Amino acid sequence: MKKLYISLILSFSGVLSLHAESLTQLEGSFKTGPAIILIAILVTFVLVGIFFRAKDPADYYAAGRKISTVGSGMAIASNWMSAASVLGMAGMMYGFGYNGLAYVVGWTGGYVLLLILMAAQIRKYGKYTAPDFIGDRYYSRDLRIVSAIFTILISFAYCVGQFGGIGLMFKWILGINYAWSVIIGSSIVLLYTLISGMIGATKNMQIQYVIIVVSFLIPTFIMTFKFDYFWLLPQIGYGAAVSDIVQGIPAPNISEGVALLNAYGHDFSIVPSPEFAMPWDPSTGTTFFQWIAICFSLMVGTAGLPHVIQRFYVVPKVTDARWSVVWGLFFICLVYWTAPAYSTFGKLLSSNPEVGVLAKDAIVVYTAQLGNVNSLIVGLLAAGAISAAFSTVSGLLVAGASAFSHDLYVRVINPSSTPRQQLKIARIGTIIMALAVTLVALMKLGLIAQLVSVAFSMAACTIFPLFLLGIWWSGSNRAGAKAGLFAGILVTTISITYFIVGLSGGSLPSQSFISYWLNVWYFAWIGAPLAIIVNIIVSKLTTPTPLEIKKFLAEQVHN
Amino acid sequence: MESSDQYNFSIFRPRNLHGKKNRNVILTMLLIWAVAVFGFQFLLRGIEKPTPEKALTLFESTWPAVVTGELSNADYKTFLYALVLVKGKSTIIPGDQKVLSDAISCVAFTVVPDSVRILMISNVRDLDSLKSDLVRATDQEYLGIKTMIAKKNISLAAISESYSGFKAGSLEASIFTGSLHEKHPESLGDPTLSALPGIMKFYLTHNQSKLTDTRFLGFPFHYFYTAVFLLILFIALCIVYNILIEWRLGKEGIVE
């Protein structure tokens, strides 16, 4: 039997090899090998979704609380590592040098906040969704509705970047235009989210994590080996390449008689480019303030993202919630330690003006191509990037659908609904959201990482303060929560309004001032603290929190 | 009768000894986290100094002679070299790229004899034509044009090699040939090139310090710290926190 499997795998590899083609052209043509890999992976996702499909609402929302710590950690990592992590982050470092690292630190450091301030307490509180917690903790139907709407908006903003990433990779593999790529990709992810729900999605996320990590790491081993850096640990080996970029590599670079060339046959050389690694270099158009603001917004946003918070409901025990964060963070870091290597090699391999500056969001795949990595491995890398986007989108769609059906429909519109009706509404919500996201993704409003960071700032200004104070201060009451939420929404609205006006070529009073200090990618640096301060002040001035809430918090949440 | 106040708590004012110990662990972790992330960046900001690249020194040593029009052949090569080193950076905005290309073209076509200039201009025209064809090409045609551009660049670099000082086929030669335009200012004193010193200073000055110049495991130290070490620290903080919390829960007999 084993021999049969091996021969099947070998013959499959043989077919792929026959279809492997020159990848010297970075874009444009249909790539058969990568397409077969992609289709095989997608079919696996759908089959897993069917096999582990949700049978009732508890399964759909919270995977029936049947997921182990390591499995949950992998699901957290997979759910977390989106197109923004796999594609966008390297693109930010490629384009903005050291300031791109604010995304690496921001998207990992937030987990420390999440663990210390949220994970176990959320699990102990025992609610399914973020609006559930907020509505209950602040004994307010209005807050439940508003937070449900924001959960949908945050998931929506997050999804836009993901669908953009899916579009780019489908475009690269299939050689079709961006619009069709987005439509095909979104249809597939919608299909399997609908039939699987959270439990199928969680199983898929574990498979997706393995695909993401394997596909992401292999090319870096190959490139560090090929270009004569320390290849046994590419996450450290690329460091010498960073220093080489700073100092410049004179051409020709000959190693043991063999010239090191990119896919176009250019020497592995670069003019001195300290701007790639030096902090907040003026020539990258970034500043120290932006580094701090982006990093802070992403960290705080991490601890306020509904689809991340929701993952803590799916673990069986409180201690599992804590350890799943550690596992999740470790699995995330495996990819985040590696992402800068792509931007570094991308920088080196595209230094020749004949290659030109590469599209930032596709830098990971282009780098592997320019590094003459085997076309099938590049194809796997692209499929891994799609997996990353898929895993996140499925989680986001479930979070958005949960907010729609569980927090709006069941709690507000039709409390006497049957489980069957609830599941139906969840699925309708998923479809509506996926369609709307597809339409916005087609507009290409920004880079993937930037689009995703809007969701983080929104979460940091709205959900995070309510969770932080809701868990850690019994004095935070309904009036304070409403006022704080209003402050967060106000900052969010101002920032997004200025962004949209600026994008459409218009101008509002103090346009450049607001666009810099309240930029849509990092407005939470002021929005989140403001929402917290307003919440505290108003809570102090109004009727105290009811006894039963304080008692529950003290006894159940804080032992 | 239960009082509302007896259940009052905040992270800063816990209700019992368990809460106090919990608070201490949390605040210590947060302090380490904040100092490690933001403290380091503020330190980096505090000690950095604007540091020029070698190319800026080369440029500034030749610029006075450019202004007075007294450049020697060696000065031209040095000047050109400095310009090419900046032009080769990927962060140059289009407006500044044009100024740099104009300056490179001006110098290149000034130093060569008329016969070579005519030959170079003919090659530049061919290259421009190929580049416009490339935009519309796909698949094999695209690759074919790419190859022709590469050959043409080498040919153009070879023609001007003894005047520019750039070896044909090298990166500097590619940047040089890719910058050449038929239409360019007649002299370096042209008003359109007055922005050149500012452009050179902008792109060739970087925020550097002891932390950026020190190498660690091959990395510039600050880069290693931010891209590698901080992530290790985050995981370590999470593990230590979990162990501490669970050890204390066990010790106090609290079942969650």
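Take every Cα pair under 8 Å in the range B:51-206 that's 6+ residues apart, average their separations, divide by the length, and report that relative contact order as a whole percent.
Worked out over the range B:51-206, it gives 37 percent.
Using r as the Cβ-Cβ distance of A:Arg141 and B:Ser61, and R0 as 56 Å, what FRET efficiency do you calculate, to the nearest 0.05?
So the FRET efficiency works out to roughly 0.15.
Length gain on complete extension for the stretch B:Ala137 to B:Ser10, per 0.36 nm per residue less the alpha carbon to alpha carbon distance?
Once the chain is fully extended between B:Ala137 and B:Ser10, it gains 39.1 nm.
Using the number of other C-beta atoms within 10 angstrom as an exposure proxy, rank A:Tyr522, A:Tyr498 with the fewest first. Could the numbers behind the result be given before it?
Working: A:Tyr522 30, A:Tyr498 24.
Fewest-to-most Cβ neighbours within 10 Å comes out as A:Tyr498, A:Tyr522.
Charges only on Cβ, +1 for Lys and Arg, -1 for Asp and Glu: so what's the dipole of the range B:51-206 about the Cα centre, in debye to the nearest 20?
About 320 debye.
Give the calculated FRET efficiency between B:Leu217 and A:Val210 to the nearest 0.05, with a Förster radius of 25 Å applied to their Cβ-Cβ distance.
For B:Leu217 and A:Val210, the calculated efficiency is 0.35.
Within 10 Å of each Cβ of B:12-23, how many other protein chain Cβ atoms are there on average? Kindly include the intermediate steps, with their values, before the conclusion.
Values: counts 2, 3, 3, 3, 3, 0, 2, 3, 0, 0, 2, 1.
The per-residue average across the peptide is 2.
The range B:1-74: which GluC sites (Glu not before Pro) are DSSP loop and have at most 12 other beta-carbon atoms within 10 angstrom?
On the way: sites: B:Glu2, B:Glu48, B:Glu53, B:Glu60, B:Glu70; in loops: B:Glu2, B:Glu48, B:Glu53, B:Glu70.
Qualifying residues, ordered by number: B:Glu2, B:Glu70.
Over the Cα atoms, compute the radius of gyration (one decimal) and Dmax (the largest Cα-Cα distance, rounded to a whole number) for chain B, in Å.
Gyration radius and largest Cα-Cα distance of chain B: 30.3, 105 Å.
Going by Cα centres, the range A:390-404 and the range B:1-64 are how many Å apart?
33 Å
Using the 10 angstrom Cβ neighbour count as an exposure proxy, how do A:Met118, A:Met223 rank, fewest first?
Least crowded to most crowded, the residues run A:Met118, A:Met223.
Quick one: Karplus J couplings for the range B:112-127, per residue in order, coefficients 6.51, -1.76, 1.60, θ = phi - 60°, nearest Hz, x for Gly and Pro?
My calculation for the range B:112-127 gives 8, x, 4, 4, 5, 4, 4, 5, 5, 4, 4, 5, 4, 4, 4, 4 Hz in order.
With label points built 7 Å along Cα→Cβ from the Cα atoms of A:Thr493 and B:Ala158, find their separation and express it in nm.
For the pair A:Thr493/B:Ala158, the computed spacing is 6.9 nm.
Please arrange A:Lys127, A:Lys317 by counting, for each residue, the other beta carbons lying within 10 Å of its beta carbon, fewest first.
A:Lys317, A:Lys127
Mind listing which chymotrypsin sites (Phe, Trp or Tyr not before Pro) in the range B:4-52 are in a DSSP loop and have 10 or fewer other Cβ atoms within 10 Å? Each step should come with its number before you reach the end.
On the way: sites: B:Tyr7, B:Phe9, B:Phe12, B:Trp33, B:Phe38, B:Phe40, B:Phe42; in loops: B:Phe9, B:Phe12.
Answer in residue order: B:Phe12.
Report the residues of the range B:9-50 in range of a label on B:Leu244: point 7 Å along Cα→C-beta, backbone N strictly under 12 Å from it.
B:21-33
Please tell me the relative contact order of chain A in percent, rounded to the nearest whole number, where contacts are Cα pairs under 8 Å and at least six residues apart.
In percent, rounded to a whole number, it is 27.
Quick one: if you stick a label point 7 Å off each Cα along the C-beta vector at B:Lys251 and B:Ile121, how many nm between them?
Calculated label separation equals 8.6 nm.
Taking loop as defined by DSSP and a crowding limit of 16 other beta carbons within 10 Å, which chymotrypsin sites (Phe, Trp or Tyr not before Pro) in the range A:376-415 fit? Mind showing how you got there, number by number?
On the way: sites: A:Phe390, A:Phe404, A:Tyr409; in loops: none.
Answer in residue order: no site qualifies.
Using R₀ = 35 Å, calculate the FRET efficiency as 1/(1 + (r/R₀)^6) where r is the Cβ-Cβ separation of A:Asn414 and A:Gln556; round to 0.05.
Working from the Cβ atoms, E equals 0.75.
Enter the Cα centre distance for the pair the range B:178-256 and the range B:125-146, rounded to the nearest angstrom.
The two parts, judged by their Cα centres, are 37 Å apart.
Normalised by the residues of the range A:271-394, what does the relative contact order come to in percent, with Cα pairs under 8 Å and at least six apart?
12 percent
Quick check: Cα centre of the range B:73-111 to Cα centre of the range A:368-389, how many Å?
Measuring centre to centre over Cα atoms gives 36 Å.
For the protein assembly as shown, take every pair of Cα atoms, bin their distances at 20 Å starting from 0, and report each bin as a whole percent.
15, 46, 29, 9, 1, 0
Long-range amide H contacts for B:Gln208: which residues qualify at under 5 Å (H placed 1.01 Å from N, peptide plane, sequence gap of 5 or more or a different chain)?
Excluding prolines and chain starts, which carry no amide H, the hits are B:Lys49, B:Thr51.
Rounded to the nearest 10 degrees, what's the angle between the helix A:288-302 long axis and the longest principal axis of chain A, both from Cα atoms, 0 to 90?
Tilt of helix A:288-302: around 60 degrees.
Values in this text are rule-based calculations from the coordinates and carry no lab data. Bear in mind that the values here come from a model prediction, so they are computed numbers and not experimental data. Cβ atoms come from the backbone with ideal geometry, glycine included; neighbour counts cover every protein chain shown.
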